[in-house]
Amino acid sequence: MKYLPIFLIMLIVACSKKDHLDTDLPGLGGETWVKGPLDFWLDTNFVYPYNIEVKYRFDRYELSLNKDLVPITESQVAPVMSTISKTWIKPYTDVAGDIFFKKYCQKQFVLVGSPQYNTNNTVTLGTAEGGRKVVLFDLNNFSLNNKPGVRQMLHTIHHEFAHILHQTIMYPVEFKTISTGYTGSWNDYSLAEALARGFVTQYARSAPDEDFVEMVSTMLVEGKSGFDAIVASAPSDGAAKLRQKEEVVVRYFKESWNIDFYTLQTTTQTAINNL
Amino acid sequence: MRTHILYILVLACLLSCRKDKTTSIFGETPDQRLEKALADYKSRLTGAAYGWKTAVFPPAGGGYSFFMTFDTAGRVTMYGDVTADAATTPENSTYRLKAVQRPSLLFDTYTYLHLLADPDPNVYGGVTGQGYYVDFEYAIDSVATDSIKLTGITYGTKMIFVKATKAEHDAYTSGQFSDQLTNIQNFIADFPWQYLQFADGKKLQVSINTATKNFTLIYLDADGKVQLLSTAFYFSTDGLYLQTPITYGSYTFNEVFWDADNQVFYIKINGARIDVQVADNSIIPMHQLLGVSFTSIVVPPQSIPGWSADFTTMWKSIAASLKSGNYGLTLYYTYFTFDVSQQVMKLDVYIIQNNRLYLAEYPYTYTKTTDGVFDFTEQAYQGNAGLIATDMAPLRNRLRNDHFTMDFYAGTLGQLKSVENTGFYFTGYLE
């Protein structure tokens, strides 16, 4: 016990000083810039109503560091985003309601001017991460007159949104057994081969989840007539499987989300045709 | 043992929480200094009353100038010499000063500068997926009163911002720069043969390629060999600015000025003006430029200026004979391709059958006199060449029997002339 005084001294001396953590850290709190009319327009139409951030100013760190990309031309931002608003946001909010959409929609759009060139001589036109962020490429070539281009862009968005839906409520498990032959090397097989097995696109072949969301996005973006044409182009066995999948998708939307899929499909088509 | 414990405890007392304050030798935190630096850069960028001029030189060649004014709301207005539009119409877009790894200037929406970075070759050419390897995000290296040095973040593109003068500012904004660009391009098209002459009396041919942005001096050395002095250039408000100075003998210059009043280029050597003079024809004979500025004379199937009646008739009859022959061929372009080092000329005749292109190749060896008289000797040929040898015989006989000279025609075309049959000559595009 003869050390007791020393211990006491230690207690008293030790850490007697209190520092307030008030160091000023400039630059924290996110990026800011002087907002222009475009920023206000995006705030009004996307940030405030849906909490969707639209990043149109180039940010290297949102993108692949090993790819050469260029920013979007400022004047392209509004046409692209109002197209998305009319053909994705509007149909869903009209048919499924505001609350549903605000709760589940992807929260960030990153806009890029050029396509993303891959080493295998293909280009990427859209990517998505974690059901939250969507990157859209080649937007400097976006034109409302180019309907196939518009549909392609919308396909990416509807595709990703469908992922969010089935990750929230799983689709009926029977869907996975309709087609066989899912493969990671889906791009080695032609569209004809995919259709013969009841896959709506080549990519649908990569996994059941992708198959499901490709079904949803193709049916919405191509519309009833477009989808019927795809089914008609498939061999009878494939066509039957596509119809079977269609039935599951429609049932899933009704049972899980109380959404009438055909109404949603029609609304989306009307919106695309009226662009 | 006890003493040890005692020592340890005493030591602990002494060491524990010695609250001496660490102070930065700079007086401020790194974040504060960074913020100050960015604010300083911004005030410099926006403080230039007449904006900034700058230029980039892509690794593959050529030079491109830009003129920019920055405002405090984060917007930049840009002109450039990269396209005719860029010289005429200002483009207004956004910029940002941001600490990335270092304080950096980012052009974060599309501008004329991005044309050089665009990976889509349909936009402005360049390498698919890479463009011209030019950056649009730059780290700031250093600043001086009138200039800012920057280095591109991805490709290390060097850029120096220099404060523009009022005259330069006005030249861009009034459209004078754009007019001058058009003027210069028309002038070069109208007068393709120009030369510089220094005290030694030698004529140095001046070649300005406005597509590749390359400036070249061509001359014959003491041995009669062609010498090239070449560098990239960009358009300044004064004329052409060369990437590296051109030195011929004791003369060095790095700018080629444009005299708009007199419609003439000139250079300055030690303050003295030397005009670039216009010639009627190439200073360096065409046969000397073979293998230097072109290797092929490309003869189209349809007649172009500079064909004699004899040749036109022959060409038509060859085409007709190919068409009516066993294979029903359509005559397409014909290449006279020279390999100077091997003294070989290949006569490559392209023909079309059922929308597919075929090649018939006739190799020749040749000799050339110092005056540029060619003598061709036909060598063995095979394949398609054998199948249409009879159809091609009129031309082959001429090439075998006659001697030929070559000369430029109407600036951009090349002409081959028979020495023996003066009524036989034809032209082709130079590649």
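The values are calculated or read from the model by the stated rules, or taken from the named source; none is laboratory data. This structure is a prediction, so every number in the text was calculated from the model and none was measured. Glycine also receives a Cβ, built like all others from the backbone with ideal geometry; neighbour counts cover every protein chain displayed.
Only one of the numbered conditions (1) in contact (Cβ under 8 Å) with a residue 24 or more places away in the chain; (2) of a type in the set (S, T, Y); (3) assigned by TED's automatic domain parsing to the domain that holds B:T390 is violated by B:S324, and that is (1).
Could you please let me know if B:Y95 is among the hydroxyl-bearing types (S, T, Y), modelled with pLDDT of 95 or more and touching a Lys or Arg at 6+ places or on another chain (Cβ under 9 Å)? Yes; evaluated as a whole, the condition is true for this residue. Here B:A86 meets each of (1) in a helix (DSSP H, G or I); (2) touching a helix residue (DSSP H, G or I) at 6+ places or on another chain (Cβ under 8 Å); (3) over 27 Å from A:D39 (Cα atoms) with one exception, condition (3).
From the list A:L21, A:L25, A:L38, A:L63, the lone residue that is among the hydrophobic types (A, V, I, L, M, F, W, C), at pLDDT below 95 and within 28 Å of the chain's Cα centre (by Cα) is A:L63. Aliphatic (A, V, I, L, M), more than 13 Å from the chain's Cα centre (by Cα) and closer than 30 Å to A:L42 by Cβ: does that describe A:L125? Answer is no for this residue. For the range B:377-403, name all the residues that are among the hydrophobic types (A, V, I, L, M, F, W, C) and out of contact with any Asp or Glu (no Cβ under 8 Å at 6 or more places or on another chain). Listed by number, the residues that qualify are B:A380, B:L387, B:I388, B:A389, B:M392, B:A393, B:L395.
Of all the listed residues (B:I153, B:I184), the sole one being within 10 Å of chain A (Cβ to nearest Cβ), over 25 Å from A:L125 (Cβ atoms) and out of contact with any Lys or Arg (no Cβ under 7 Å at 6 or more places or on another chain) is B:I153. Would you mind stating whether B:F66 is under 17 Å from the mean Cα position of the chain (by Cα) and at pLDDT 95 or above? Yes, satisfied.
Filtered by the rule that a residue be farther than 29 Å from A:K103 by Cα and surrounded by 18 or more Cβ atoms within 10 Å (Cβ to Cβ), the range A:179-200 gives A:S179, A:W186, A:A194, A:L195, A:A196, A:R197, A:G198, A:F199. Could you check, for the range B:102-121, whether at least one of its residues is surrounded by fewer than 22 Cβ atoms within 10 Å (Cβ to Cβ), without any contact (Cβ under 8 Å) to a residue 24 or more places away in the chain, within 14 Å of another protein chain (Cβ to nearest Cβ) and among the aliphatic types (A, V, I, L, M)? The answer is no; no qualifying residue exists. Working only within the range A:219-275, note down all residues that are of a type in the set (F, W, Y), buried (at least 19 other Cβ atoms within 10 Å of the Cβ) and farther than 16 Å from A:H166 by Cβ. Scanning the range A:219-275 gives a single hit, A:F227. State whether one or more residues within the range B:12-23 are at pLDDT below 95, away from chain A (no Cβ under 11 Å) and exposed (fewer than 11 other Cβ atoms within 10 Å of the Cβ). The answer is yes, given that some residue of the range B:12-23 is at pLDDT below 95, away from chain A (no Cβ under 11 Å) and exposed (fewer than 11 other Cβ atoms within 10 Å of the Cβ).
Taking (1) touching a residue at least 40 places away in the same chain (Cβ under 8 Å); (2) within 11 Å of another protein chain (Cβ to nearest Cβ); (3) under 26 Å from the mean Cα position of the chain (by Cα) in turn, B:E91 satisfies each apart from (1). Condition (residue is in contact (Cβ under 8 Å) with a residue 40 or more places away in the chain and of a type in the set (A, V, I, L, M)) applied to the range A:96-107: is it met by at least one residue? Yes - at least one qualifying residue is present in the range A:96-107. At least 2 residues being buried (at least 17 other Cβ atoms within 10 Å of the Cβ) and within 32 Å of the chain's Cα centre (by Cα) is the threshold, and among the strands (runs of 3 or more DSSP E) wholly inside the range B:335-431 those reaching it are B:344-353, B:403-409, B:413-418, B:425-430.
Selection of first residues in the range B:233-252 that are farther than 28 Å from B:Q176 by Cα and of second residues that are part of a strand (DSSP E or B), restricted to Cβ pairs under 6 Å at least 6 apart or on distinct chains, gives the following pairs, ordered by first then second residue: B:Y251/B:I269; B:T252/B:P245.
Mind listing just one residue for me: the one in the range A:109-126 that is touching a Leu at 6+ places or on another chain (Cβ under 9 Å) and free of Cβ contacts under 8 Å to residues at least 40 places away in the same chain and, of those, nearest to B:A117 (Cα to Cα)? Only one residue fits best here, namely A:P115. For the range A:144-157, filtered to residues that are without any contact (Cβ under 8 Å) to a residue 12 or more places away in the chain and part of a loop (DSSP other than H, G, I, E, B), the residue that is surrounded by the most Cβ atoms within 10 Å (Cβ to Cβ) is A:N146. Could you grab the pairs with beta carbons closer than 8 Å, sequence gap of 6+ or different chains, first residue in the range B:24-50 and within 13 Å of another protein chain (Cβ to nearest Cβ) and within 23 Å of B:L106 (Cβ to Cβ), second one in a loop (DSSP other than H, G, I, E, B) and small (G, A, S)? Correct list of pairs: B:D31/A:G27; B:L34/A:G27; B:E35/A:G27. For the residues B:L113, B:L105, the requirement of being of a type in the set (A, V, I, L, M) and closer than 24 Å to A:F142 by Cα singles out B:L113. Of the residues making up the range B:133-145, not one is more than 9 Å from chain A (Cβ to nearest Cβ), under 17 Å from the mean Cα position of the chain (by Cα) and surrounded by fewer than 23 Cβ atoms within 10 Å (Cβ to Cβ). Across the range B:63-76, the qualifying residues are those that are in contact (Cβ under 8 Å) with a residue 24 or more places away in the chain and surrounded by fewer than 20 Cβ atoms within 10 Å (Cβ to Cβ), and the one among them that is nearest to the other protein chains (Cβ to nearest Cβ) is B:T72. When the range A:37-77 is filtered for residues that are crowded, with 16+ Cβ neighbours inside 10 Å, aliphatic (A, V, I, L, M) and either within 14 Å of chain B (Cβ to nearest Cβ) or part of a helix (DSSP H, G or I) (or both), the ones remaining, listed by number, are A:L38, A:L42, A:V54, A:L63, A:L69, A:V70, A:I72, A:V77.
Selection over the range A:127-141 of residues that are at pLDDT 85 or above, surrounded by 15 or more Cβ atoms within 10 Å (Cβ to Cβ) and either more than 14 Å from chain B (Cβ to nearest Cβ) or in contact with a Leu (Cβ under 7 Å, 6 or more places away or on another chain) (or both) gives a count of 8. Of all residue pairs spaced 6 or more apart or on separate chains, those with beta-carbon atoms under 6 Å, a first member in the range A:33-60 that is of a type in the set (D, E) and a second member that is not in a helix (DSSP H, G or I) are A:E53/A:Q108.
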